[in-house]
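Report on the structure given below.
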Amino acid sequence: MKILILGAGAVGGYWGARLHQSGADVTFLLREKRAEKVRKEGLVVKSPKGDAVLPVKVVTKGSEGGPYDIVVLACKAYDLGSAIDSIAPAVGKDTTIVPMLNGHAHFATLDQTFGAARVAGGLARISGMLGPNGEILHSGASGVSFGERDGKPTRAALKELDAACKKAGIEGGINPNINQDLWDKWIMLATIAGMCASMRGTVGDIMEAEDGAAIVAETLEESRKVATAEGHAPSDTVLAGLKTMLTSKGSKAVASILGDMEKGGPAEGKQIVGDMLARARKAGIAAPNLRFAYAHLQAYEARRARGGLK
């Protein structure tokens, strides 16, 4: 099975590195500058589960080496348009696309471009970031989930990917209820991203505010109501776990969107918070906290577009 991974960041890079180590046929589709560095220095992984410097296969055009059996999209949600252009030449009649983007908005675009039958559901729970020299700094969780969105029997390519993940020590794999898993992650993301972005702190920092825990719980409830309206209410167990995670005193948990903002880079505000808010409005659900958080993110993008404080 030939796997193409677009991107070599914390998610695609770590996942692909472990698959490569286990013997899977993995190729990374990268921008010229990143590709040159990886070709010269290897893909560098620093992790509690073992460091590695790997001489991986790299291409800069989707037309090289394809078509592929699996194409993994491991990019930021705001890069979807350019990602589609990049992978299009790599997609053949039997290719399965596994997007690992945040939110849900990307599915409509991918379905329209490639056909829903080619697009699986996917999500990552991999903790990490890129270091100053492009190294992958893996810090904890290393799980991925993927599956059929239409409930049909799992196709052979996903079964092979699942087997490769298990061989590589990657947690998760095939999830027959991937749609619920996607919603469970999204209500968590909308809450933590909205709160960390608008309060500019970690979960632990937010808990130091007088009303921090109450505001986070309210935001989680807003997202839960949206998920329920969409037919994907989280279980009591999942909801309790999320509430504990998002309101734990002293927690260092933080949404990556805050790091993006602190570096002055683009943020996934529209895809994570804005889309959740839009669905709340469509369903007639009051979501004042999501509304405030998204306004904050929009103001950030407006300031960024004009070059900062000018």
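Points worth noting:
- In sequence order, calculated HN-Hα J values of region 148-156 (Karplus, 6.51, -1.76, 1.60; Hz; x Gly/Pro): 7, 6, 9, x, 6, x, 5, 5, 4
- Between the amide H of residue 72 and those of 4, 5, 6, 98, distances stay under 5 Å, these residues lying 5 or more places away or on another chain, with hydrogens modeled in the peptide plane.
- Heavy-atom accessible surface of region 177-310, averaged per residue, reaches 49 Å², computed with a 1.4 Å probe.
- As a fraction of the 1.4 Å probe accessible area of region 209-287, surface on carbon and sulfur atoms comes out at 53 percent.
- Cα-centre dipole for the chain with unit charges at Cβ (Lys and Arg positive, Asp and Glu negative), debye to 20: 580
- Direction-averaged projected area, Cα convex hull, region 130-240: 9.5 nm², rounded to one decimal.
- Whole-Hz Karplus values for region 235-249 come out as 5, 4, 5, 5, 5, 5, x, 5, 5, 4, 4, 8, 10, 7, 4 Hz, taken residue by residue from phi with 6.51 cos²θ - 1.76 cosθ + 1.60 and θ = phi - 60°; glycine and proline positions read x.
- Solvent-accessible heavy-atom area per residue, rounded to whole Å², over region 99-173 at 1.4 Å: 44
- Shape class for region 81-174, computed from the alpha carbon gyration tensor (a ≥ b ≥ c): oblate, with a/c not under 1.5 and a/b at or below b/c.
- Summing charges over neighbours of residue 276, with a neighbour being any other residue whose Cβ is under 15 Å away from its Cβ, gives +1 when K and R count +1 and D and E count -1.
- Shape category assigned to the chain from the gyration tensor of Cα positions, a/c cut at 1.5: prolate
- Per atom type, region 9-161 shows carbon and sulfur on 52% of its accessible surface, probed at 1.4 Å.
- Choice from 143, 265, 42 showing the highest fluctuation, given a GNM over the chain with Cα pairs closer than 10 Å: 265
- The chain: relative contact order as a whole-number percent, Cα under 8 Å and 6+ apart: 15
- Taking a ≥ b ≥ c as the square roots of the eigenvalues of the Cα gyration tensor, region 180-310 is oblate, since a/c reaches 1.5 or more and a/b is not larger than b/c.
- Using θ = phi - 60° in the Karplus curve 6.51 cos²θ - 1.76 cosθ + 1.60, the 3J(HN,Hα) couplings for region 174-185 round to 4, 10, x, 10, 4, 4, 5, 4, 4, 5, 4, 5 Hz; x is entered for Gly and Pro.
- Filter on 166/243; 33/57; 37/270; 46/185; 2/61 - keep pairs with C-alpha separation over 21 Å: 166/243; 37/270; 46/185
- Taking 36, 218, 210 as the candidate residues, the one with maximal mean-square fluctuation in a Gaussian network model of the chain, Cα springs under 10 Å, is 210.
The values are calculated or read from the model by the stated rules, or taken from the named source; none is laboratory data. The structure presented is a predicted model; accordingly, all values stated were derived computationally and were not measured. Cβ atoms come from the backbone with ideal geometry, glycine included; neighbour counts cover every protein chain shown. Please note that ligands, DNA and RNA were not included when accessible areas were found on the heavy atoms of the full protein model with its side chains. Shrake-Rupley method; radii C 1.70, N 1.55, O 1.52, S 1.80 Å.
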